[in-house]
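Student: Dropping a structure here in structure tokens format, bear with me for questions.
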Amino acid sequence: MTTLTKNTTLKGGEFLIKETEANDIFIPEQWNEEQLMIAKSCQDFLEQQVWPNLDRIDTQEEGLMVDLLNKAGELGLLGISVPEELGGFGKDFVTSMLVTEVLGTGHSFAVAISAHTGIGTLPILYYGNEAQKAKYIPKLASGEWKACYCLTEPSAGSDANSGKTRAVLSDDGKHYILNGQKMWITNGGFADIFTVFAKIGDDENLSAFIVEKEFGGITLNPEEHKMGIKGSSTRQVFFNDCKVPVENLLSDRQNGFKIAVNILNLGRVKLAGAAIGGSKKIITQSVNYANERQQFGRSISKYGAIRYKLAEQAIRTFATESATYRASQNIEDATNALIAGGMDEAKAKLKGTEQFAVEAAILKVHASEVVDYVVDEGVQIYGGMGYSAEAPMDRSYRDARINRIFEGTNEINRMLTVDMMLKRAMKGELDLMGPAQKVAGELMSIPDFGSSEKTLFSEEKKYIANFKKATLMVAGSAVQKLMANLAKEQEILMNLADMIIELYVCESLQLRVEKLVGMRGEEACKEQLEMMRVYLNDAADKIHKSGKEAINSFAEGDEQRIMLTGLKRFTKTEGLNTTAARRVIAAKMIAENKYCF
């Protein structure tokens, strides 16, 4: 594996075959004063306008969500990523991610604002022509108009391109006549602007249209009754001979599926950011309660079982945050490089995100599963009160569950992770087979025990290099053995995805802690060092389990035995007192009475 230098641009998926220097990644400890001020504005808005009204929001009090979005628009929170010339703040992608993280603690409001600023606004901003952007974006950025995104249909969920909504050109050639049904439309109950995906005539692929509510021919079913995010407007939308001016075709004919995929890439990264914000707030509530709750004459935060839970909540959150902001900066850097090369800014933002579609899928899966874990343990820490609607965990538990379904289910995203990497390899964009064959050759050689001299991070770097070998070995063998049939072996694809996900998060976490130690010194980072050690220790077991399941699914005899031996070698770690490490992490939070990393 090669090491990246300042002159080397890391491409999406290359983390599997290349090493990265710690100084080449962005970590959240590097926020500047302006970014922190923007985050504080978001926090203040939630404290003043959203959190005191969560019950009212959940009952969908008439006009309340619209009023909150209007107030957010007045503060500029709806236009963080919108260029200044179109009425926004024109901030970079990483700053928009910080805003998403902070607002991610807003429960149903977080869903509404995310849908408006993301899938509601970005298709027009990135794919609209100049006239379309001039007409719609300023009013979306100010909040005068609210937006939604109409892709899913009753028979077209994960298979979005199979949608039945149709658009037919009118006899006079001035309008498309739109007919069809969409479901699970967030903000559908109050949206003014609908981005609608439909096939024109007998086209093979979807096209996209900007539809104004005022065009007519739009009817809505009543609000859906949902498990969580109850305050989020979710409607079925029906288009009955809806007349859409031809100039409202978004981008080119049959480009709708590409629009949908690229906007989903952005949505997946943003979902990870929101999940991180939610996780941090839940951990702080867990610590608060553990410090307050007395049992057997002492606060429950003094008990080892509770300290384990608090530490593990923090470890997983810190890890997924490390990966999310690493990828966010990669997207920003790729975008800037494309702009510097002469590409249009909107196209560059799409291309930059598309380049890291693998990482976007990884982040979506990992962060959504982390927040689910965090809130589940939050309920447990609260005990009986955790199950009560009077305490905060009830709403958090129900609201968090949707994240594993939003923006493509986690199952779909796992399979996409492997599929995208293999397709890039087949196109020659990513050399996976060369390193995989090298690892296969290594299986028959005497293990390299390396230098006995240990330095800070040398052990962790060795683990990560071996995790890469384990992943390449299993993936390379699966491809060679199963060829075209691999696409049908979903269980194996899931195993491979889990190996890739854990590897990426491990490396991101190690790089963050290494960079942080360089900035603050080892003593000031003792808790972060312990988080890294525990996470890598546990990840080794997860990677081994996923790899073993995959190998046993397609290999047998000597081949199976050799690969299992190699897998054991590549996932071996030194003994670690994880109990002591978790106690250090928990003690820090208990002392500060909050998530403090």
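The values are calculated or read from the model by the stated rules, or taken from the named source; none is laboratory data. Computed from a predicted model, the values in this text were never measured in an experiment. Every residue, glycine among them, receives a Cβ derived from its backbone with ideal geometry; neighbour counts consider all protein chains shown.
Student: Name the residues in the range 77-95 that are over 12 Å from Ala112 (Cβ atoms) and touching a residue at least 60 places away in the same chain (Cβ under 8 Å), would you?
Tutor: The answer is Gly79, Pro83, Asp92, Phe93, Val94, Thr95.
Student: So, one more: For the range 523-541, check the following and say yes or no: at least one residue is within 24 Å of Ser458 (Cβ to Cβ) and touching a Lys or Arg at 6+ places or on another chain (Cβ under 7 Å).
Tutor: Yes; the residues of the range 523-541 include at least one that is within 24 Å of Ser458 (Cβ to Cβ) and touching a Lys or Arg at 6+ places or on another chain (Cβ under 7 Å).
Student: Mind checking which pairs have a first residue in the range 21-34 that is among the small types (Gly, Ala, Ser) and a second that is assigned to a helix (DSSP H, G or I), Cβ under 7 Å, 6 or more apart or different chains?
Tutor: Every condition considered, the pairs that remain are Ala22/Leu511; Ala22/Glu514; Ala22/Lys515; Ala22/Gly518.
Student: Here are the criteria: (1) surrounded by fewer than 23 Cβ atoms within 10 Å (Cβ to Cβ); (2) modelled with pLDDT of 95 or more. Tell me which single one Ala367 does not satisfy.
Tutor: All conditions pass for Ala367, except number (1).
Student: Please list, ordered by first then second residue, the pairs with beta carbon atoms under 9 Å, 6 or more apart or interchain, first in the range 518-529 and over 22 Å from Gln313 (Cβ atoms), second among the charged types (D, E, K, R).
Tutor: Met519/Glu29; Arg520/Glu29
Student: Looking at Pro245 and the list (1) in contact with a Ser or Thr (Cβ under 7 Å, 6 or more places away or on another chain); (2) farther than 20 Å from Met183 by Cα, which single condition is not satisfied?
Tutor: (1)
Student: Okay, moving on. With the checklist (1) within 19 Å of Met97 (Cα to Cα); (2) modelled with pLDDT of 95 or more in hand, flag the one item Gly352 doesn't pass.
Tutor: So Gly352 meets the others, but not (2).
Student: Now for a different question. When you go through (1) under 30 Å from Gly378 (Cα atoms); (2) touching a helix residue (DSSP H, G or I) at 6+ places or on another chain (Cβ under 9 Å) one by one for Asp541, which number turns out not to apply?
Tutor: (2)
Student: Follow-up. Have a look at Val358, Val379, Val418 and point out the one that is under 21 Å from Asn291 (Cα atoms) and not assigned by TED's automatic domain parsing to the domain that holds Lys230.
Tutor: Result: Val379 is the single residue among Val358, Val379, Val418 that is under 21 Å from Asn291 (Cα atoms) and not assigned by TED's automatic domain parsing to the domain that holds Lys230.
Student: Let me ask another. Quick check on Glu489: is it among the charged types (D, E, K, R) and within 30 Å of Phe597 (Cα to Cα)?
Tutor: no
Student: Is at least one residue of the range 33-52 of a type outside the set (Phe, Trp, Tyr), surrounded by fewer than 18 Cβ atoms within 10 Å (Cβ to Cβ) and not in a helix (DSSP H, G or I)?
Tutor: no
Student: Among (1) crowded, with 24+ Cβ neighbours inside 10 Å; (2) part of a helix (DSSP H, G or I), which single condition is Val82 missing?
Tutor: (2)
Student: Among the residues of the range 123-137 satisfying the criterion of being out of contact with any Leu (no Cβ under 6 Å at 6 or more places or on another chain) and of a type in the set (A, V, I, L, M, F, W, C), which is surrounded by the fewest Cβ atoms within 10 Å (Cβ to Cβ)?
Tutor: Residue satisfying both the conditions and the ranking: Ala131.
Student: Mind checking which pairs have a first residue in the range 585-597 that is small (Gly, Ala, Ser) and at pLDDT 95 or above and a second that is surrounded by 14 or more Cβ atoms within 10 Å (Cβ to Cβ) and part of a helix (DSSP H, G or I), Cβ under 6 Å, 6 or more apart or different chains?
Tutor: From residues that are small (Gly, Ala, Ser) and at pLDDT 95 or above, the pairs are Ala586/Arg307; Ala586/Leu310; Ala586/Ala311.
Student: Is it the case that the range 384-402 has a residue that's closer than 25 Å to Lys488 by Cβ and crowded, with 18+ Cβ neighbours inside 10 Å?
Tutor: No, there is no match, as no residue in the range 384-402 is closer than 25 Å to Lys488 by Cβ and crowded, with 18+ Cβ neighbours inside 10 Å.
Student: Does the range 531-542 contain at least one residue that is surrounded by fewer than 22 Cβ atoms within 10 Å (Cβ to Cβ), out of contact with any Phe, Trp or Tyr (no Cβ under 8 Å at 6 or more places or on another chain) and either free of Cβ contacts under 8 Å to residues at least 40 places away in the same chain or among the hydrophobic types (A, V, I, L, M, F, W, C) (or both)?
Tutor: Within the range 531-542 (the criterion being surrounded by fewer than 22 Cβ atoms within 10 Å (Cβ to Cβ), out of contact with any Phe, Trp or Tyr (no Cβ under 8 Å at 6 or more places or on another chain) and either free of Cβ contacts under 8 Å to residues at least 40 places away in the same chain or among the hydrophobic types (A, V, I, L, M, F, W, C) (or both)), the answer is yes, since at least one residue qualifies.
Student: Based on this model, can you work out whether Asp333 counts as of a type in the set (Asp, Glu), touching a residue at least 60 places away in the same chain (Cβ under 8 Å) and not assigned by TED's automatic domain parsing to the domain that holds Glu292?
Tutor: Working: of a type in the set (Asp, Glu): yes; touching a residue at least 60 places away in the same chain (Cβ under 8 Å): yes; not assigned by TED's automatic domain parsing to the domain that holds Glu292: no.
It is false that Asp333 is of a type in the set (Asp, Glu), touching a residue at least 60 places away in the same chain (Cβ under 8 Å) and not assigned by TED's automatic domain parsing to the domain that holds Glu292.
Student: Now a separate question. Of all residues in the range 153-163, count the ones that are touching a Ser or Thr at 6+ places or on another chain (Cβ under 9 Å) and either surrounded by 18 or more Cβ atoms within 10 Å (Cβ to Cβ) or free of Cβ contacts under 8 Å to residues at least 24 places away in the same chain (or both). Outline the logic, then answer.
Tutor: Initial filter on the range 153-163 (touching a Ser or Thr at 6+ places or on another chain (Cβ under 9 Å)): 153, 155-158, 160, 162-163.
Add one more test, that the residue is either surrounded by 18 or more Cβ atoms within 10 Å (Cβ to Cβ) or free of Cβ contacts under 8 Å to residues at least 24 places away in the same chain (or both), and what stays is 153, 155-157, 160, 162-163.
Count: 7.
Student: Among the residues of the range 551-566, are any crowded, with 24+ Cβ neighbours inside 10 Å, among the polar types (S, T, N, Q), in contact (Cβ under 8 Å) with a residue 40 or more places away in the chain and part of a helix (DSSP H, G or I)?
Tutor: Scanning the range 551-566 turns up no residue that is crowded, with 24+ Cβ neighbours inside 10 Å, among the polar types (S, T, N, Q), in contact (Cβ under 8 Å) with a residue 40 or more places away in the chain and part of a helix (DSSP H, G or I).
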